[in-house]
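Below is one structure, written out as structure tokens; comments come after it.
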Amino acid sequence: MSTPTTPEHFRCGYIAIVGRPNVGKSTLMNVLIGAKVSITSRKAQTTRHRITGIQTRDDAQFIYVDTPGFQTRHANALNKTLNKTVSNTLTSSDVILFLVEAGTFGPADQQVLDLLPTNVPVVLVINKSDRVKDKAVLMPFAQKIAALRDFSAIVPVSAKMRFQVDALETEIKRHLPENAPVFGPDDITDRSEKFLATEIVREKVFRLLGDELPYTSTVIIEQFEQEGDLRRIFCAILVERDTHKSMIIGNKGARLKEISTQSRLDMEKLFGGTVYLEIWVKVKSGWADNEAGLRAYGYE
């Protein structure tokens, strides 16, 4: 069998997606790669890990890196770890997408902008542009931000509506170096199924509890077994107080059951097989401010 050859002038590189919490970084990455590998919710700071999503075209491979939103409000060990993840990602990227929300630019956006290295192309991505009724205000808004830095390009998009996403991909490709592909043509992420299962459960916790549940909750997989197309997954949701545990379980276990059902259905769709899922809720006080514990739970 002959080995597939890389087309001449093939482009491949890493694209960091950065911005303040809740500007739509994870939604944009999922749309760009055409699959859900990064979790989303309305709750700020949902993403806590460096998530890689891969999109391979005939002439280019885009390796997107979704980062946690840079956190300024709380200085616990968890947020210090997340901010370090953002900074490390920036220095190793070929292109940076700096996301802002259309019509909104505040101190938190400026703080992220100040972190961006000067030797990497930065594309200003104005997300949620579909929400701006008067499109005439987008141009002066873009000009205001463009005056703060020399951007390689400015692209208004709506990740949710897929508006201008193809135009953004074309712009990104212009700045990728000529390289052979790093991943296989069918790869969509470098993360394991075990990791993705953890993230899916955590997303449902955030989505179904919203602001009821404090920021300091996480999910760990205690057992992950695969027999053919069947996956048996046993996981625990960690919270800091008994009252938080009651919130997740809900009246007669109804909320935990909903979390389990929605998680299982998403896993089956992503993994392409049957999933048996069991979830417990455990109280572990102070986990978010313990650096050794954070490493044990997979925080880099």
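The values are calculated or read from the model by the stated rules, or taken from the named source; none is laboratory data. These numbers come from a predicted model, not from an experiment. Cβ coordinates were reconstructed from backbone atoms using ideal geometry, including for glycine residues, and neighbour counts include every protein chain displayed. Just the protein is used for accessible areas: all its heavy atoms, side chains included, with ligands, DNA and RNA removed. Shrake-Rupley method; radii C 1.70, N 1.55, O 1.52, S 1.80 Å.
If only one of Pro107, Pro117 is at pLDDT 90 or above, in the same structural domain as Lys160 (by the TED database) and surrounded by fewer than 20 Cβ atoms within 10 Å (Cβ to Cβ), which one is it? Don't jump to the end; show me each part of the working.
Numbers: Pro117 fails: at pLDDT 90 or above.
Of the residues listed, the single one that is at pLDDT 90 or above, in the same structural domain as Lys160 (by the TED database) and surrounded by fewer than 20 Cβ atoms within 10 Å (Cβ to Cβ) is Pro107.
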- Test result for Val112, touching a helix residue (DSSP H, G or I) at 6+ places or on another chain (Cβ under 9 Å), part of a helix (DSSP H, G or I) and open to solvent by less than 80 Å² (accessible area, probe 1.4 Å): yes
- Tell me, which residue of the stretch 132-162 that is touching a strand residue (DSSP E or B) at 6+ places or on another chain (Cβ under 8 Å) and at pLDDT below 90 is farthest from Thr67 (Cα to Cα)? Leu138
- Task: Inspect all residues belonging to the stretch 172-192 and state whether any of them is assigned by the TED database to the domain that holds Ile63, touching a helix residue (DSSP H, G or I) at 6+ places or on another chain (Cβ under 7 Å) and crowded, with 16+ Cβ neighbours inside 10 Å.
- Result: no
- Quick check, is Thr189 under 23 Å from Gly273 (Cα atoms), at pLDDT below 85 and β-branched (Val, Ile, Thr)? yes
- Using the structure shown, decide if Met161 is open to solvent by 30 Å² or more (accessible area, probe 1.4 Å) and assigned by the TED database to the domain that holds Val65. yes
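Search the stretch 183-197 for residues being touching a strand residue (DSSP E or B) at 6+ places or on another chain (Cβ under 6 Å) and aliphatic (A, V, I, L, M), and hand back the single one that is farthest from Asp59 (Cα to Cα). Break it down into steps so the answer makes sense when it comes.
Let us first name the residues in the stretch 183-197 that are touching a strand residue (DSSP E or B) at 6+ places or on another chain (Cβ under 6 Å), namely 183, 185, 187-190, 194, 197.
Next, only the ones that are aliphatic (A, V, I, L, M) stay: 188, 197.
Numbers: Ile188: 17, Ala197: 32 Å.
Within the stretch 183-197, the match that is farthest from Asp59 (Cα to Cα) is Ala197.
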- Within the stretch 242-255, identify whether any single residue is open to solvent by less than 60 Å² (accessible area, probe 1.4 Å) and touching a Pro at 6+ places or on another chain (Cβ under 9 Å), and answer yes or no. yes
